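Let me begin by handing over the structure; questions about it come next.
The values are calculated or read from the model by the stated rules, or taken from the named source; none is laboratory data. Bear in mind that the values here come from a model prediction, so they are computed numbers and not experimental data. Glycine also receives a Cβ, built like all others from the backbone with ideal geometry; neighbour counts cover every protein chain displayed. Heavy atoms of the whole protein, side chains included, go into the accessibility calculation; ligands, DNA and RNA do not. Shrake-Rupley method; radii C 1.70, N 1.55, O 1.52, S 1.80 Å.
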Amino acid sequence: MSATGLTEWAHPLAESLLAEPLPRRWRHSEGVAERARTLAPILGEDADLLEAAALLHDIGYAPDLAKTGFHPLDGARYLRDVARADERIVHLVAHHSCSWMEAEARGMRAELEAEFPREPASLNDALCYCDMNTTPDGTPTNPVDRVNEIAGRYGPDSLIGTFIRRAEPEILASTARVLDRLAAVERQPI
């Protein structure tokens, strides 16, 4: 698979895995991809890569893929082993939105990091920004409200509730770095 056309490849795959069994998760993934498109000015040749990863980031929730209960790992394994996806997409899915912190809480951090190297911080920041600025229904939000929504949905004392609160400073820092990069590009003379 060439670097061009990744989104065209990813869209039908993600849709086939999420749209019917998890329609709300599919709407969220489409919204994350919409946010990814807004970052094209700072991504250059990686814009298509990020949009594809955005579409696929939550496929690990699909009933047929959920094996460990840790969706970044389940999704990344499927993409690597079954879909034979571009390895950079696989790595972004595995590490999206501070997943290493959730992996640590699940006792799976060593497993995650041994199987899947991280992509450059700028790409991980960009995917985190897109995910944490999108509601479960796919509409724009902000990371504070998104973290509050996640903690509320799962419960503050749940593994996810605890993880997302622990990850909140890094989520906010990722967002700030992305916004700084966007602002720098917008200040550039044409």
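Return the total of residues in the stretch 142-163 being among the basic types (Lys, Arg) and in contact with a helix residue (DSSP H, G or I) (Cβ under 6 Å, 6 or more places away or on another chain).
Looking only at that region, the number is 1.
When you go through (1) farther than 25 Å from PRO41 by Cβ; (2) in contact with a strand residue (DSSP E or B) (Cβ under 9 Å, 6 or more places away or on another chain) one by one for ARG146, which number turns out not to apply?
Every condition holds for ARG146 apart from (1).
Can you tell me which residue in the stretch 50-82 is nearest to ALA126 (Cα to Cα), limited to those that are touching a Ser or Thr at 6+ places or on another chain (Cβ under 8 Å) and among the charged types (D, E, K, R)?
Taking the candidates together, the pick is GLU51.
Kindly establish whether PRO140 is within 17 Å of LEU39 (Cβ to Cβ), open to solvent by 20 Å² or more (accessible area, probe 1.4 Å) and either out of contact with any Ser or Thr (no Cβ under 9 Å at 6 or more places or on another chain) or touching a residue at least 12 places away in the same chain (Cβ under 8 Å) (or both).
yes
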